[in-house]
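Step one of this worksheet: look at the structure below.
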């Protein structure tokens, strides 16, 4: 049972990592207008992406821990 939960945590970590990275890259938009570059940044989206990345790291650590335990 611990192996299944560990694998699910690792899969969840990969999904959260993907969402976090894409969220960070999509939180900033820029437009070229008459030679000027105008940039807009969504700080709430960026903060959410960082939270997703942090949760992904925690889930990955938990999954690796559960898979690394020996059967007792």
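Descriptive notes on the structure:
- Here the relative contact order of the chain, from alpha carbon pairs under 8 Å that lie six or more residues apart, stands at 49 percent.
- The overall shape of the stretch 2-68, judged from the alpha-carbon gyration tensor, is prolate: a/c is not under 1.5, and a/b is greater than b/c.
- Ordering 32, 42 by the number of other Cβ atoms within 10 Å of each residue's own Cβ, fewest first, gives 32, 42.
- Principal-axis tilt of helix 2-26 within the chain, Cα atoms, nearest 10 degrees: 10 degrees
- Footprinting exposure proxy ranking of 33, 14, 60, fewest other C-beta atoms within 10 angstrom first, gives 33, 14, 60.
- Computed from label points 7 Å out along Cα-Cβ, the spacing between residue 47 and residue 71 is 4.7 nm.
- Ranked list, fewest to most other Cβ atoms within 10 Å of each Cβ, for 52, 37: 37, 52
- The chain: angle of helix 43-68 to the longest principal axis, Cα-based, in degrees nearest 10: 20 degrees
Each value in this text was obtained by applying a stated rule to the coordinates, not by laboratory testing. Remember, predicted model here, so these are calculated numbers, not experimental data. Glycine also receives a Cβ, built like all others from the backbone with ideal geometry; neighbour counts cover every protein chain displayed.
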